[in-house]
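Student: I am attaching a structure below and will ask some questions about it afterwards.
The values are calculated or read from the model by the stated rules, or taken from the named source; none is laboratory data. On a predicted model such as this, the values are computed, not experimentally measured, just so you know. No Cβ is skipped: glycine too gets one built from the backbone with ideal geometry, and neighbour counts run over all protein chains shown. The accessibility values were calculated without ligands, DNA or RNA, using every heavy atom of the protein model including side chains. Shrake-Rupley method; radii C 1.70, N 1.55, O 1.52, S 1.80 Å.
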Amino acid sequence: MNRARTRGAIALAGAAAIATIVGLASSADAATTLGASAAEKGRYFGTAVAAYKLSDATYSGILDREFNMITPENEMKWDATEPTQGQFSYSSADQIVSHATAHGQRMRGHALAWHSQQPSWAQNMSGTALRNAMVNHITNVATHYKGKIYAWDVVNEAFADGGGGGRRDSNLQRTGNDWIEVAFRTARAADPGAKLCYNDYNTDGVNAKSNAVYAMVQDFKSRGVPIDCVGFQSHINSGSPLPSDYQANLQRFANLGVDVQITELDIAGSGTAQANSYASVVKACLAVSRCTGITVWGIRDSDSWRSGDTPLLFDNNGNKKPAYTAALDAINGSPSSPPPTTPNTSPSASASPSNPGNPGGSGCTATVSVNQWQGGFVATVRVTAGSSALNAWSVTLALPSGATVTNSWNVARSGNTWSNVSYNGHVNAGQYTEFGFQANGTAGTLTPSCSGS
């Protein structure tokens, strides 16, 4: 979603409108904040962030207490990152990434290619020149943030509203119908460790637009075009209410072999009705095994692009609303289908099967899945409790010679010892938690062993 969408476009959107998880919470906060509670269910709960608001203590306080995934609201879009052709500007986006790194949060990148919020020089381009400029832009931005982004919205809002179910007419579309495929292949080459998503609004239920996106994803999967996830913006209001087939729609996309993510959630209204709608969205995500997380589009109502609709979880003063309580209760109270652990696969990245670890003497086991590409890999480690609950755990996992860790999540590391952090030490009997890391080099055969108490 953009900062500059016109009122007419807002009305249109309204009317037509890892996995591993990072959580930041003390042990006392476990299951009492959105991020920590989502992490216990193998999901994330994130928010959109504006760099200039990070100096607001109330804003950043809520951000760091409640959310474990961050999406830059505007700072990674084309006009912000390449205001002059070939000259890239990352300062505002880097500020957000630095904040996330310092506070144990992960990043969604938004968005590499979009018909809106293009710099003026790109708006004036067409044909081959624009196609080449798009490829160069994606390559540079995704390379700059390589290893720091959980998932990229590679292409945003490329399908038209209305009953036709066709592509949106735009300067990018007029470069050729293969432009979306080219964007995804370019992003995979630049950042093979990131999940690659298509993101759109007005696709929350089964309709002509979502059917068109479904057909594209189905085609991409059949031909090996690298697509890992589909984002559903879920801007809900009276003109575009939460559809009754919301969960079923998420599930049918997941059945294609992609993750689904709720990427820009906001729900107009107040009180019980709004709270119930938030609870319904959360429950739908938790019921779909490949729904890996939820992002709300802003923190306080006053931060929303549609602030007059009071659509968020915190009021203008940063107080929790009934919608917040409903969302948190829905996370904590819902049985959830566990997320898949199969890593991304693509023509340029290969996955190894899970390697079983040795059971520890204190009743836990560890397994590892690897997503390897030329020059690097991501490892996801699952720690499973035995017949008794764990209150703490550690995994011994040695890396092969030459492998260097560049990023890790959900874990504290000291050499070859990987230990729980405050919010994921407790694991119920027979249940599991996961951590992960990205590294340069070749994974080879990783054999973890686990001990717990």
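Student: Suppose every K and R has +1 on its Cβ and every D and E has -1 on its Cβ; what is the size of the dipole of the chain about the Cα centre, in Debye to the nearest 20?
Tutor: 540 debye
Student: Ratio to report: Rg/Rh of the range 173-219, with Cα atoms as the point set and Rh obtained by the Kirkwood method; give two decimals.
Tutor: Reported Rg/Rh (Cα atoms, Kirkwood Rh): 1.02.
Student: Now a separate question. Given only helices, namely DSSP H runs of n ≥ 4 each adding -39500 (n - 2.57), what is the per-residue ellipticity at 222 nm of the chain, to the nearest 500 deg cm²/dmol?
Tutor: It lands at -8500 deg cm²/dmol.
Student: Tabulate in residue order the Karplus-calculated ³J(HN,Hα) for the range 242-251, using 6.51 cos²θ - 1.76 cosθ + 1.60 with θ = phi - 60°, rounded to whole Hz; enter x for Gly and Pro.
Tutor: Coupling constants for the range 242-251: 5, x, 5, 9, 4, 4, 4, 5, 4, 5 Hz.
Student: Additional query: Over the range 111-207, what percent of the accessible surface lies on carbon and sulfur atoms, probe 1.4 Å?
Tutor: Of the solvent-accessible surface of the range 111-207, carbon and sulfur hold 46 percent.
Student: Another question, then. Mind checking the range 183-262 for trypsin sites (Lys or Arg not before Pro) that DSSP puts in a loop (not H, G, I, E or B) and that have at most 10 other Cβ atoms within 10 Å?
Tutor: Here no loop site has a sparse enough neighbourhood.
Student: On a 1.4 Å probe surface of the protein chains, which of 94, 329 comes out largest in accessible area, and what is the full order?
Tutor: Heavy-atom accessible area, descending, gives 329, 94.
Student: Carbon and sulfur: what percent of the range 256-319's accessible surface (1.4 Å probe)?
Tutor: Here it works out to 39 percent.
Student: Report the gain in length on full extension from residue 123 to residue 102: 0.36 nm times residue separation, minus Cα-Cα distance, nm rounded to one decimal.
Tutor: 3.9 nm
Student: Calculate, for the range 148-187, the solvent-accessible area per residue in square angstrom, rolling a 1.4 angstrom probe over the heavy atoms of the protein chains.
Tutor: 33 Å²
Student: I need the phi-derived Karplus couplings for the range 101-111: 6.51 cos²θ - 1.76 cosθ + 1.60, θ = phi - 60°, integer Hz, Gly and Pro marked x.
Tutor: 4, 5, 10, x, 10, 9, 10, 9, x, 8, 9
Student: Quick one: of 77/195; 41/146; 221/321; 148/221; 148/209, which pairs are farther than 29 Å apart, Cα to Cα?
Tutor: 221/321; 148/209
Student: With each pseudo-label sitting 7 Å past Cα toward Cβ, what's the residue 289-residue 178 distance in nm, one decimal?
Tutor: 3.5 nm
Student: Pop a pseudo-label 7 angstrom from the Cα along the beta-carbon direction at both residue 276 and residue 442 and give the gap in nm to one decimal.
Tutor: Result for the modelled spin labels: 5.9 nm.
Student: Return the label of the correct value of Cα extents along the principal axes in Å, as calculated from the structure shown, out of [x] 63, 50, 41; [y] 100, 53, 38; [z] 100, 52, 43.
Tutor: [x]
Student: Determine ³J(HN,Hα), in whole Hz, for all residues of the range 113-119 in sequence, where each value follows from phi through the Karplus function 6.51 cos²θ - 1.76 cosθ + 1.60 and θ = phi - 60°; x replaces Gly and Pro.
Tutor: 9, 7, 6, 9, 6, 7, x
Student: Could you give the length gained on full extension between residue 389 and residue 211, defined as 0.36 nm per residue of separation minus the Cα-Cα distance, in nm?
Tutor: 59.7 nm
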